[in-house]
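The values are calculated or read from the model by the stated rules, or taken from the named source; none is laboratory data. None of these values were measured; they are calculated from a predicted model. Cβ sites come from the backbone with ideal geometry, for glycine too, and all protein chains shown count toward neighbours. Each accessible area value is taken on the protein alone, full model and side chains, heavy atoms only, with ligands, DNA and RNA left out. Shrake-Rupley method; radii C 1.70, N 1.55, O 1.52, S 1.80 Å.
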Amino acid sequence: MPTGAKFVVEKQAFLKSLESIGKKNTVIGPVLMDDGEVTFEPLKSFKKLTFDYVNDFDPLKRFLTPAKENLFTFNLEGRKPRLKAADDVKPFILFGVRSCDVQGFAHMDGFFSGAYSDDYYWRRRNNMTIISMACNKPLPTCFCICCNGGPWLESGFDLQLTDFGDRFLIDVGSNKGKKLLDSLKLKLVKAKPEDEENRKKLMQACDEQMQPTAYLAKACIMITNNRVREELWQEMGDECFSCGGCTHVCPCCTCFDVQDCMIDDKNGVRFRCWDSCQYAGFTHEASGHNPRVKAKERVKRRFYHKLSYAYIKQDGHPGCVGCGRCITVCQAFNLLDISAVVKRLRRDGAIEVETVEQREAAK
Amino acid sequence: MENLYLPQLSIIDKIVDETSDTKTFTIHFADREYNKKFRFKSGQFVEASVFGVGEAPFGFASNPNRHGSFDITVRAVGAVTRAMHDMKKGDVLGIRAPLGNSFPLKEVKGLDILIVAGGIGLPPLKSLIDPILDARKDFGRFIILYGARTPADRVYKPILEQWSKRKDITLLQTVDNPDDGWSEHVGVVTTLFEKIKLDVKRTVAYTCGPPIMIRFVIQDLLGMGFPEDRIISTLERYMKCGVGKCGHCAIGHKYICVDGPVFSYQQIKRLPER
Ligand SMILES: Cc1cc2nc3c(=O)[nH]c(=O)nc-3n(C[C@H](O)[C@H](O)[C@H](O)COP(=O)(O)OP(=O)(O)OC[C@H]3O[C@@H](n4cnc5c(N)ncnc54)[C@H](O)[C@@H]3O)c2cc1C
Ligand code: FES
């Protein structure tokens, strides 16, 4: 079974087999809560598993970079403190992830690698197997088709499922996925051309239901070249509550704070927790100097990171997967989510600015 | 580095009072092998931990050619720095180092060197001054301009005294508010430029200090005709991780903790926020 192989399998048989594996491994999947919300949780049994969901409002990045994560504990008894790095992570399966979140993971993979590869991220990431679920039906806030974030993917997952009602179409995306599928011991039927046709139709139908738009191109150019009217940033700064909601729910946002906390007299922990560039304290230096003291500068920062060519070149994609969570969360009456902002920039139009050289010469 | 966030236990060998709010700590790593192999470059920095309080970045303030221990000079301004000031010889800190890029040094051999430092900006530059003095004949003239709020606010007073006696260093000092004993210049550090003659074509300038000082220094250097790539400055931002991950120190798509803290003006002027 090579990577890229496609199979069709009975849905119930697949779930039953996954459930039996779940007795020994942690399987995290979409669960219907008592209050009617769907959230991703470790599944003790598959009874509460639901397929009537599009996405979890709480971004699934929390399984790779938890909102709060211990870096190490320390014991201060005696002359020399004793440090203990955080415990290892056990393997787990993330079942039912939507394509946008899978793209979010791909973004984080890139960010947490490189010269300073982040151990704490990778010990979770390497232990996670992704079974993603292509989307047949978007939410009114979804716009993944504008950001290469879905509704289905060519790569990034270990296994990808497309729901055919009583059957799943399975894409094998990696060796990890291959191994998992082997271990499920299922009766697999090689996908036929009509199965792929069927998926195409489903995905096209999903495409057509997308409501918000995020025509990024012009906003990218305007932001990269500093051609957004300063007054427009000011307007957006005035509207922003600086609540940080957009960054917390964003699958591409990774910023964190680091804090020490004493548990008792002698024992303490250093942890990291999600932080937001939208908070005024984010750049407050000990000297009192704060380069982004105004909300307008922070809004500008957020969109520079998401949409400037400098970052797109570095990351290989804009910092958005089209999950639409910022649309849901924005307190500012949906004026500052990414779809709204690119629209405002586009309609406002680019202003003429001088080049760096001209600006220098004028000084 | 295996675990990016786990500090090395480190012992304070010596603490020297520099000013009423600033101390210099001499530190070595508790692990002997690690300490023996440890090297850093001029301009790099450490993340120093007081366990239970937190972590903060400080520039290396000693000669990179000195092995076995290093210095950092710390002004008490907040939680971590005050906790450090309360520590004694033999106490244990956590250190993650070396972090960040470094001052260009080999590249400027043969040139005149101009150092412009303000207040607590002198310590990081000391990690550059020391190796230049070690190889003094490899460089042309050596001019150090140092400004502080008051005479008492100057760090490294005994060392400044030594430097002022050396024939191969031109050291000019200035303060904003003089006291009775002060016989040198009064005014902001940029007013010292009038008192020196520079061969702009063959000089490289290094500056470190408060953001506002750096701005005026760069402006004046440009006015004198310094090429943009011969003006070298450090940028300071609020930092947490020091390894390009927490996002706090970002300016544009550069992270001061890994792409900096040392930048030429040519690089600085291209940053979208500065
Ligand atoms: C590369 C680099 C090199 C440096 N080198 C040196 C050096 O050689 N010597 C030196 O003395 N200093 C140096 N600094 C500065 C030094 O790192 C700071 O002084 C230090 O981080 C202060 O830490 P603290 O915990 O003592 O202060 P904190 O307690 O963190 O802060 C002090 C003040 O800032 C405010 N503050 C801090 N964080 C926030 C926030 N998130 N929101 C609102 N307010 C906040 C606090 O309220 C307080 O008033 C350097 C900095 C950098 C980036
Ligand atoms: S200090 Fe964390 S990214 Fe630079």
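What the table below lists for this structure:
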| item | result |
| --- | --- |
| Residue list for the stretch A:141-156, restricted to those being in contact with a helix residue (DSSP H, G or I) (Cβ under 9 Å, 6 or more places away or on another chain) and part of a loop (DSSP other than H, G, I, E, B) | A:Thr141, A:Cys142, A:Phe143, A:Cys147, A:Asn148, A:Gly149, A:Gly150, A:Pro151, A:Trp152, A:Leu153, A:Ser155, A:Gly156 |
| Selected residue (only one of A:Glu197, A:Glu208, A:Glu231, A:Glu235 is in a helix (DSSP H, G or I) and within 17 Å of A:Cys330 (Cα to Cα)) | A:Glu235 |
| A:Asp158 vs. criteria open to solvent by less than 30 Å² (accessible area, probe 1.4 Å), over 30 Å from B:Asn101 (Cα atoms) and touching a Pro at 6+ places or on another chain (Cβ under 9 Å) | no |
| Residues that are among the small types (Gly, Ala, Ser) and at pLDDT 90 or above, drawn from the stretch A:317-363 | A:Gly319, A:Gly322, A:Gly324, A:Ser339, A:Ala340 |
| Considering residues of the stretch A:90-110 that are touching a Lys or Arg at 6+ places or on another chain (Cβ under 8 Å) and within 14 Å of chain B (Cβ to nearest Cβ) only, the residue surrounded by the fewest Cβ atoms within 10 Å (Cβ to Cβ) | A:Asp109 |
| Pick from the stretch B:208-239, criterion within 16 Å of ligand 2 (Cβ to nearest atom) and out of contact with any Cys (no Cβ under 6 Å at 6 or more places or on another chain), ranking: nearest to B:Ile144 (Cα to Cα) | B:Leu235 |
| One residue from A:Lys48, A:Lys84, A:Lys68 being open to solvent by 50 Å² or more (accessible area, probe 1.4 Å) and under 21 Å from A:Ser276 (Cβ atoms) | A:Lys68 |
| Qualifying helices (runs of 4 or more DSSP H) (wholly inside the stretch B:156-259; at least 3 residues being touching a residue at least 12 places away in the same chain (Cβ under 8 Å) and surrounded by fewer than 22 Cβ atoms within 10 Å (Cβ to Cβ)) | B:157-165, B:211-224 |
| Complete set of residues in the stretch A:112-160 that are more than 14 Å from every other protein chain (Cβ to nearest Cβ) and of a type in the set (Gly, Ala, Ser) | A:Ser132, A:Ala134, A:Gly149, A:Gly150, A:Ser155, A:Gly156 |
| Odd one out for B:Lys36, checked against (1) modelled with pLDDT of 95 or more; (2) near ligand 1 (Cβ under 9 Å from one of its atoms) | (2) |
| Residue check, B:Val262 of a type in the set (A, V, I, L, M, F, W, C) and closer than 30 Å to B:Ser49 by Cβ | yes |
| Test: residue in the stretch B:240-258 that is more than 10 Å from ligand 2 (Cβ to nearest atom) and more than 8 Å from chain A (Cβ to nearest Cβ) | no |
| Residues (away from chain A (no Cβ under 14 Å) and over 17 Å from the mean Cα position of the chain (by Cα)) located in the stretch B:52-68 | B:His67, B:Gly68 |
| Qualifying residue in the stretch A:315-326 (condition: away from chain B (no Cβ under 11 Å) and open to solvent by 40 Å² or more (accessible area, probe 1.4 Å)) | yes |
| Residue check for A:Glu69: part of a strand (DSSP E or B), outside the structural domain of A:Asn126 (by TED's automatic domain parsing) and touching a Lys or Arg at 6+ places or on another chain (Cβ under 6 Å) | yes |
| Selection from the stretch A:277-299 of residues that are facing chain B (nearest Cβ under 9 Å), more than 14 Å from ligand 2 (Cβ to nearest atom) and open to solvent by less than 20 Å² (accessible area, probe 1.4 Å) | A:Arg292 |
